[in-house]
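**Student:** Sharing a structure below in structure tokens format, with a few things to ask.
Since every read-out is calculated from the coordinates, none of them should be taken as a lab result. Quick caveat, the model's predicted, so the values are computed rather than measured. Here the Cβ positions follow ideal geometry from the backbone for every residue, glycine too, while neighbour counts run over all protein chains shown.
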Amino acid sequence: MSDFTQVAVVGLGRHYGRRRALHDLTFTAQAGDILGLLGPNGAGKSTLLAILGTLLAPSAGRVEYGGRASADAGSDLRGRIGMLGHDLFLYPELTARENLVFFGRLYGLTDAAAVASAALERAGLAARADDPVSSFSRGMRQRVALERALLHGPRLLLLDEPFTGLDQASSAALVVRLREVQARGVVTVLATHDLDVVDGVLSDVVFLQGGRRVVTGAAGALRDRYRAAMQDGPRS
Amino acid sequence: MTAFLRVAALVVRKDLTVEVRSLEVVATTLFFAVTVVLIFAFGFVREGLAVEGVAAAILWITVAFSGTLALGRTFERERQADTLRALLLAPADRPAIYAGKLAGMLLLMALVEAVLVPLIGLLFQAPILAAPLRLAALLAAGTLGFAAIGTLFAAMLVRARSRDVLLPVLLYPMTVPVMIAGVRGTAALFQAEPDLDLAQFWTALLVFFDAVFVTLALWTFEPLMTD
């Protein structure tokens, strides 16, 4: 599959039995965008990220990656997606280097060891590269997990609550890394509750409530807009 | 095919590395299996003599119980940091992930059975050396059938809240044919005069079950994990 520069969500819906998690969502994200998914718990943010990451099939609608639906693209598409989940996707018994080399090889990188070393250097963890991840602080684990998601040079980066549990310095470092990723033209979709941290980082936002889009638009004054959007309720 | 095997081998190697570091699953499964056999020995061995014909059933009951424990613990590890999702995100054939997890389970259960079989031979006077290759083939075929379905169900249930209850409830009815064939085949080998033809019949039946279960699991793994 060739690289894509746009991800389009078209009439997307997902239900679990009789419960609707997402309903008729439509929006587009371009290369270099950092799109924020904002909303209360249970709004459907993680479900949407799972569908974008091809981990979940939609019940209605589709996601197009540069004009191709995920169903047509197959496993190659997953090689262009990087995902950082709320649970970090790291094996605590393995060292940081072993985790990155394992995932690098899983993504078919021929020089996984060298790529992992470079990633650990970038994360500022070269000195702790051979320590088990279980001995790391939350911030250190988060840095390794972000490098794991970026190891294979994805075109679409999906981040679920990436600022949770991070101190101010770690949050600032994450913002710097996101800017670097943005400069490379990666489409980033980020679900978060940390409105103050991401205000000024996001280029677009989608407010979700009860699986429905409440409002979409450029970022800025997020806290006030969030409050107003949640009071107004979903748009038909 | 090469990519499929490469990914499966990577998953097995990763599982073995993690297990060597923690020894969690091997230690708990072995301890549990030995305990089950000892409890049966207290019930079925009188004055050094075992009740006739119970060894085969005890062997397979222990394999099923300890296998269920190992399946639960192995996938609990993938659940804790949601790493199963990370595996499913990789641009590899998703059935290769299943194959890797299955191979890891088979290695673990082979290790447990290597301890279990001599112990049952010792405590229940079972003639485990009468036809060792046929016994090994029967165990391998039965374990593959059990683990093939078990690995699929354990992966499916990894995000379910009541997974610990649901796994045996789903797994045991589905693997009844494997258990029947395993017990009858092993009983044929544990007779005073081993019935090799009968054992071969049950082994062949187990190979048939294996082919069906592995094919079904490889076919359904991706849709089951994404719906």
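**Student:** Quick one: pull the percentage of alpha-carbon pairs in segment B:2-226 with a separation above 31 Å. Provide the component values of the computation, followed by the final result.
**Tutor:** Values: 5456 of 25200 pairs.
That fraction is 22 percent.
**Student:** Using a 7 Å offset from the Cα along the Cα-to-Cβ direction at both A:His86 and A:Ser203, what is the distance between the two label points in nm, to one decimal?
**Tutor:** Label-label distance for A:His86 and A:Ser203, simple model: 2.8 nm.
**Student:** Something else about it: If exposed means no more than 16 neighbouring beta carbons inside 10 Å and the site is in a DSSP loop, what's the longest run of chain B without any exposed GluC sites (Glu not before Pro)?
**Tutor:** It works out to B:53-227.
**Student:** A further question follows. At 7 Å along Cα-to-Cβ for each site, give me the label-to-label distance between A:Ala183 and A:Ser134 in nm.
**Tutor:** 3.9
**Student:** If you don't mind, another one. Calculate for chain A the 222 nm mean residue ellipticity that helices alone would give, adding -39,500 (n - 2.57) per DSSP H run of length 4 or more and normalising by residue count, nearest 500 deg cm²/dmol. If you can, show how the numbers build up before the last one.
**Tutor:** Values: 9 runs with 82 residues, N = 236.
Taken over chain A, the calculation gives -10000 deg cm²/dmol.
**Student:** Helix A:138-150 versus the longest principal axis of chain A: what is the Cα-based angle in degrees, 0 to 90, to the nearest 10?
**Tutor:** Helix A:138-150 sits at roughly 80 degrees to that axis.
**Student:** OK, next. For B:Leu111 and B:Glu47, what is the calculated FRET efficiency with R₀ set at 35 Å and r taken between the beta-carbons, to the nearest 0.05?
**Tutor:** In this case the efficiency is close to 0.60.
**Student:** Given springs between every Cα pair under 10 Å in a Gaussian network model of chain A, which of A:Val101, A:Val176, A:Val133 has the largest fluctuation?
**Tutor:** The residue that fluctuates most here is A:Val176.
**Student:** Considering only DSSP beta bridges where both residues belong to the protein assembly as shown, give the percentage that are antiparallel (nearest 5).
**Tutor:** If I count the DSSP bridges inside the protein assembly as shown, around 60 percent turn out antiparallel.
**Student:** Roughly how many whole Å is it from the C-alpha centroid of segment B:1-64 to that of segment A:176-216?
**Tutor:** So the two Cα centres are separated by 48 Å.
**Student:** HN-Hα J couplings of segment B:143-152 from phi, Karplus 6.51/-1.76/1.60, θ = phi - 60°, integer Hz, Gly and Pro as x?
**Tutor:** So the J values, rounded to whole Hz, are 5, 4, x, 5, 6, 4, 6, x, 5, 5.
**Student:** So what is the 222 nm mean residue ellipticity for chain B from helices alone, if each DSSP H run of at least 4 adds -39500 (n - 2.57) and you divide by all residues, rounding to the nearest 500 deg cm²/dmol?
**Tutor:** -29000 deg cm²/dmol
**Student:** Considering only the other residues whose Cβ falls under 15 Å of the Cβ of A:Asp130, what net charge follows from Lys and Arg at +1 and Asp and Glu at -1?
**Tutor:** For residues surrounding A:Asp130, the net value is -1.
**Student:** Compute the signed sum of charges (Lys and Arg +1, Asp and Glu -1) over the other residues within less than 10 Å, Cβ to Cβ, of B:Arg85.
**Tutor:** That sum, taken over residues with Cβ under 10 Å, equals -1.
**Student:** Only bridges with both residues in chain A count here: give the DSSP antiparallel percent, nearest 5.
**Tutor:** Bridges in chain A that DSSP calls antiparallel: roughly 55 percent.
**Student:** Follow-up question, since we're still on this one. Would you calculate the separation in nanometres between label points at B:Leu166 and A:Ala71, each defined as 7 Å from the Cα along the Cα-to-beta-carbon direction?
**Tutor:** The two pseudo-label positions are separated by 2.5 nm.
**Student:** May I pose another question? Which of the listed residues, B:Ile120, B:Phe31, B:Leu218, is farthest toward the dipole's positive end in segment B:2-226, when Lys, Arg count +1 and Asp, Glu count -1 at the beta-carbon?
**Tutor:** Of B:Ile120, B:Phe31, B:Leu218, it is B:Leu218.
**Student:** Around A:Ala169, what is the net charge, scoring Lys/Arg as +1 and Asp/Glu as -1 over all other residues with Cβ under 14 Å from its Cβ?
**Tutor:** +2
**Student:** Apply 1/(1 + (r/R0)^6) to the Cβ-Cβ distance of B:Phe208 and A:Tyr16, taking R0 = 35 Å, and write down the FRET efficiency to the nearest 0.05. The partial results should precede the final answer.
**Tutor:** Values: r = 37 Å, r/R0 = 1.05.
Working from the Cβ atoms, E equals 0.40.
**Student:** Assign unit charges at the C-beta atoms only (+1 for Lys and Arg, -1 for Asp and Glu), then state the dipole size of the protein assembly as shown relative to its Cα centre in Debye, rounded to the nearest 20.
**Tutor:** Taking the Cα centre of the protein assembly as shown as origin, the dipole is about 1060 debye.
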